[in-house]
Amino acid sequence: MKKLFSLAILAAMALMVVSCSKDDDDTDSTANRLNFANKLTQNSTSGTWEGYETSMRKEGGWVDGTKRYAVIRFDRATTSDIKGTGQLVAFENKYMDTFREGSEFEWYFDEDMLHITWRHAGWQPAYAEYRTNELVIDGDTFRGEWFEKTDFKWHFSYTKSNFNDWSKYVNNQ
């Protein structure tokens, strides 16, 4: 009986160790960064998303500002890279008949933050925690908030896209 009890305790302790190590999936690691990069690029070397973005300024609470329709593409050299380049083009509406602005960018991880550095003069770098609800990729949707400063952010909701007319906007930026 003592042996059976001892085995039960050892099994319970082993189960606790396995359970605790499962919780570590919420920590920043190269594996978690790669997993997020795979979702970002749709398990390829390039992934495109489109949808609405709303600028928000903090004035006591968050206040909605400009709304625009945007298409954003994340590229990387290989499917094992956790950094890359990309492009964003913004339009007045979902019909994409009136170009507003755009920029190429570099994206990379710095600890638990995903950063975007825009090439467009005057655009502030953006960042968001990739392991929290600031950025969520769930199937065909990508939503969240990019922060530029502590008092300015972009709230966005994108879906997978097959947009491929990038060359039309490269020289308009």
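The values are calculated or read from the model by the stated rules, or taken from the named source; none is laboratory data. None of the values given here were measured: they were computed from a predicted structure. Cβ coordinates were reconstructed from backbone atoms using ideal geometry, including for glycine residues, and neighbour counts include every protein chain displayed. Only protein heavy atoms, including side chains, enter the accessible area calculation; ligands, DNA and RNA are left aside. Shrake-Rupley method; radii C 1.70, N 1.55, O 1.52, S 1.80 Å.
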Out of the residues in segment 43-89 that are of a type in the set (Asp, Glu) and buried (at least 16 other Cβ atoms within 10 Å of the Cβ), state the one that is nearest to residue 153 (Cα to Cα).
53
Does segment 121-134 hold any residues that are more than 15 Å from residue 34 (Cα to Cα) and either surrounded by 13 or more Cβ atoms within 10 Å (Cβ to Cβ) or under 9 Å from the mean Cα position of the chain (by Cα) (or both), and which are they?
123, 124, 125, 126, 127, 128, 134
Leading residue by the ranking (farthest from residue 101 (Cα to Cα)) among those in segment 54-87 that are acidic (Asp, Glu) and within 18 Å of the chain's Cα centre (by Cα):
81
Being closer than 18 Å to residue 160 by Cα and either touching a Pro at 6+ places or on another chain (Cβ under 7 Å) or part of a loop (DSSP other than H, G, I, E, B) (or both) narrows it down to one of 42, 87, so name that one.
42
Quick check: is even one residue across segment 98-110 under 25 Å from residue 162 (Cα atoms), of a type in the set (S, T, N, Q) and without any contact (Cβ under 8 Å) to a residue 24 or more places away in the chain?
yes
Got at least one residue in segment 102-118 being farther than 20 Å from residue 31 by Cα and either acidic (Asp, Glu) or in contact with a Cys (Cβ under 8 Å, 6 or more places away or on another chain) (or both)?
yes
Selection within segment 111-128 - part of a strand (DSSP E or B) and either in contact (Cβ under 8 Å) with a residue 40 or more places away in the chain or among the small types (Gly, Ala, Ser) (or both):
114, 126, 128
Residue satisfying all of: in segment 135-145; part of a strand (DSSP E or B) and either among the small types (Gly, Ala, Ser) or at pLDDT below 95 (or both); most open to solvent (accessible area, probe 1.4 Å) among these:
138
